[in-house]
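Presented below is the structure to which this report refers.
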Amino acid sequence: MNSDTLMVLFAMIGYMLVVIGIGLFFAKRAQANSENYFLGGRSLGPWVAAMSAEASDMSGWLLMGLPGLAYWTGLADAAWTAIGLAVGTYVNWLIVAKRLRRYSAVSGDAITIPDFFSNRFHEKRKVILGISALFILVFFTIYASSCFVTCGKLFSALFDADYHAMMIVGALFVVIYTVIGGFLAESASDFMQGVVMFCALVIVVSLGVINAGGIGAVIDNAKEIPGYFSLTSLATPELNSEGVQQAVNGVPQFGEASKYGIITILSMISWGLGYFGVPQVLLRFMAIRKVDELKKSRRIATVWVVISLATAVFIGLIGRSLYPFTDELATKSLSENVFVVMAQSMLHPVFAGIVMAGILAATISSSDSYLLIAASAFSKNIFEGIIKKDADDKLVMHVSRVVLLLISLIGIIIAWDEESVIFNLVSFAWAGFGATFGPLMLFSLFWKRTTRAGAVAGMLTGGIMVFVWNLGISKLGGVFAIYELLPAFILSSLAIIIVSLATKEPSKEIYDEFERAKNYTD
């Protein structure tokens, strides 16, 4: 390991020690009870709520997956995805945040998303609780695996080390940190990590533009590639049988641009629908200390997301201008290292280490959220809610840690393939949450006629259809190749409406609670 690599390593270790320090600082308060551990006692301020929500949401795919997508096929896929996410972020904070914060406090002071759904429909038999907790376990395990892939790729690229060993090291660090600090540590460190991620993106995109000869040079280079700099077509790299892009005299080869019609555009914009169902963001709405602080949080979150997404997409385009062809970025999987390659080549090793900490920050901020929410789904909602209803807080927290370790182990197994594409893993899990919980969250908050049977039908339809569409129907091609989130979201919504109207109206108590939630003040 040379001196430059050592400096990068020391800078990253320094960052990791700060993160661990935050975990230790909040450890005592987090261990006081399960509400503090899983929701922080509803004490988040507007800045922490906003930044931690977006940092935990975006994860390593913002700094690796999205730039890699733009580098590989050009502007269209990455840009339409970013537009959908930016709009989804704003709308979610605008219409869901305030109502969920109020309703979750009124309906039994719920501290998890399954808790809220179960309390919302006054369940005696915890069917909704169990189903929602199981879906959370499944999709968050996939999400966690995407974060472990990010760790493996990052450390492998930086230190020329074995991917599998580096992936396991990253996973162990995340697990230890999550066990120590809980929700408060996670949210406080996520605030810091959101700042680091933002600065890393702005620094790298600024230096990239300078090194590439200006914005005009980047755009001119993109326009020379068929379909690359367009919102209505897609570049198609020419690949050999091993998936490596072909080059002639160092010039990357591209085929004819592929068409990018309205169905594909709707498919990518539909990423925004996922926000209505992702627990890591919804929990921040529930955890903010005062309802009237949500307006400030919305503004902070929206500005952060718009700038971060735009710079992430542009980094991919700059990377193609700076490195038209290099073995380090020659496959779809390797292209997700474009941010790492740019930072290493343009920055002093110490600063490169700090910027690399931005990727680590994104990964930690997401994976600790995923692991904590998944563990709480089992320990609070399945173990305490269904299996052992008289379990005390101490036992619940012990169970959550065991489950956290098991989820991490499964996530490591899923992430074992070093050819895994971060963007693909994230897109599947995102669709799962968006279709399973998104429609139900909206109907639960805004349509009082929603019934328990409708809720169950909506969750099952949305969650199952994500698998059916991704693994089966999408293979038919054409209009059926649309991102599974959109059809699954629509079908879930229809299931909720049809079954709710076909079943008995909710009780007067549920209607009264619905009205109280609309007018609740804290």
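The values are calculated or read from the model by the stated rules, or taken from the named source; none is laboratory data. Note that the coordinates shown come from a computational prediction; the quantities given were computed from them, not determined experimentally. Counting neighbours? That spans all protein chains shown, and the Cβs are built from the backbone with ideal geometry, glycine included. To get the accessible areas, we keep the full protein, side chains included, count just its heavy atoms, and leave off ligands, DNA and RNA. Shrake-Rupley method; radii C 1.70, N 1.55, O 1.52, S 1.80 Å.
Annotations for the structure displayed:
- Those residues of the range 239-249 which are open to solvent by 50 Å² or more (accessible area, probe 1.4 Å) and part of a loop (DSSP other than H, G, I, E, B), in sequence order: ASN240, SER241, GLU242, GLN246, ASN249
- Across the range 97-137, the qualifying residues are those that are of a type in the set (Asp, Glu) and more than 23 Å from the chain's Cα centre (by Cα), and the one among them that is nearest to ILE510 (Cα to Cα) is GLU123.
- Which listed residue, of VAL175, VAL149, is crowded, with 20+ Cβ neighbours inside 10 Å and under 13 Å from ALA374 (Cβ atoms): VAL175
Every residue, every condition in (1) within 13 Å of ILE142 (Cβ to Cβ); (2) among the polar types (S, T, N, Q); (3) surrounded by fewer than 23 Cβ atoms within 10 Å (Cβ to Cβ), yes or no:
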| site | (1), (2), (3) |
| --- | --- |
| ALA374 | yes, no, no |
| VAL399 | no, no, yes |
| VAL402 | no, no, yes |
| LEU405 | no, no, yes |
| PHE428 | yes, no, yes |
| GLY438 | no, no, no |
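Matching residues to (1) over 19 Å from LYS126 (Cα atoms); (2) among the β-branched types (Val, Ile, Thr); (3) open to solvent by less than 30 Å² (accessible area, probe 1.4 Å):
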{"position": "PHE378", "(1), (2), (3)": "no, no, no"}
{"position": "LYS388", "(1), (2), (3)": "no, no, no"}
{"position": "ALA391", "(1), (2), (3)": "no, no, yes"}
{"position": "LEU409", "(1), (2), (3)": "yes, no, no"}
{"position": "TRP416", "(1), (2), (3)": "yes, no, no"}
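- Selection status of THR331, assigned to a helix (DSSP H, G or I), hydroxyl-bearing (Ser, Thr, Tyr) and under 24 Å from the mean Cα position of the chain (by Cα): no
- Taken together, the residues in the range 446-504 that are under 16 Å from SER427 (Cα atoms) and more than 26 Å from the chain's Cα centre (by Cα) amount to 0.
- Just one of the listed residues (ALA517, ALA488, ALA481, ALA495) is out of contact with any strand residue (DSSP E or B) (no Cβ under 8 Å at 6 or more places or on another chain) and closer than 13 Å to LYS448 by Cα, and it is ALA517.
- Within the range 90-105, the only residue that satisfies the criterion of being buried (at least 19 other Cβ atoms within 10 Å of the Cβ) and β-branched (Val, Ile, Thr) is VAL96.
- Among the residues of the range 440-458, those that are small (Gly, Ala, Ser) and surrounded by 20 or more Cβ atoms within 10 Å (Cβ to Cβ) comprise SER444, GLY454, ALA455, ALA457, GLY458.
- Between LEU134, LEU154, the distinction of being open to solvent by 30 Å² or more (accessible area, probe 1.4 Å) and either touching a residue at least 12 places away in the same chain (Cβ under 8 Å) or closer than 23 Å to PHE285 by Cβ (or both) belongs to LEU134 only.
- Note on the range 29-54: among residues that are of a type in the set (S, T, N, Q) and open to solvent by less than 10 Å² (accessible area, probe 1.4 Å), the one that is modelled with the lowest pLDDT is SER34.
- The set of residues in the range 262-291 that are modelled with pLDDT of 85 or more and out of contact with any helix residue (DSSP H, G or I) (no Cβ under 7 Å at 6 or more places or on another chain) comprises ILE262, THR264.
- Some residue of the range 109-117 being charged (D, E, K, R) and surrounded by fewer than 21 Cβ atoms within 10 Å (Cβ to Cβ): yes
- Checked against (1) open to solvent by less than 10 Å² (accessible area, probe 1.4 Å); (2) without any contact (Cβ under 8 Å) to a residue 24 or more places away in the chain, ARG125 meets all criteria but (1).
- Of the candidates SER376, SER345, the single residue that is in a helix (DSSP H, G or I) and either among the basic types (Lys, Arg) or modelled with pLDDT under 80 (or both) is SER376.
- Close contacts from the range 426-453, counting a first residue that is part of a helix (DSSP H, G or I) and a second that is open to solvent by 10 Å² or more (accessible area, probe 1.4 Å) and polar (S, T, N, Q), with Cβ to Cβ under 6 Å and a gap of 6+ residues or different chains, come to PRO439/SER493; ALA453/THR503.
- When each of GLU336, GLU293 is tested for being acidic (Asp, Glu), under 30 Å from THR521 (Cβ atoms) and part of a helix (DSSP H, G or I), the lone residue that passes is GLU293.
- The residues in the range 205-238 that are open to solvent by 50 Å² or more (accessible area, probe 1.4 Å), β-branched (Val, Ile, Thr) and under 30 Å from ALA352 (Cα atoms) can be counted, and the count is 2.
- Long-range neighbours under 7 Å by Cβ, at least six apart or interchain, first residue under 14 Å from PRO439 (Cα atoms) and open to solvent by 30 Å² or more (accessible area, probe 1.4 Å) within the range 459-470, second part of a helix (DSSP H, G or I) and of a type in the set (Ser, Thr, Tyr): THR461/SER492
- Total residues in the range 296-350 satisfying the condition of being within 22 Å of ALA86 (Cβ to Cβ) and of a type in the set (S, T, N, Q): the figure is 4.
- Considering only residues in the range 55-89 that are over 20 Å from the mean Cα position of the chain (by Cα) and not in a loop (DSSP other than H, G, I, E, B), the one that is surrounded by the most Cβ atoms within 10 Å (Cβ to Cβ) turns out to be TYR71.
- Options SER408, SER420: the member that is of a type in the set (Ser, Thr, Tyr) and in a helix (DSSP H, G or I): SER408
- Only residues that are open to solvent by less than 80 Å² (accessible area, probe 1.4 Å), in contact with a Ser or Thr (Cβ under 9 Å, 6 or more places away or on another chain) and not in a helix (DSSP H, G or I) were counted in the range 476-513, giving 5.
- In the range 323-346, the residues that are surrounded by 19 or more Cβ atoms within 10 Å (Cβ to Cβ) and of a type in the set (A, V, I, L, M, F, W, C): LEU329, ALA330, LEU334, VAL338, PHE339, VAL340, VAL341, MET342, ALA343
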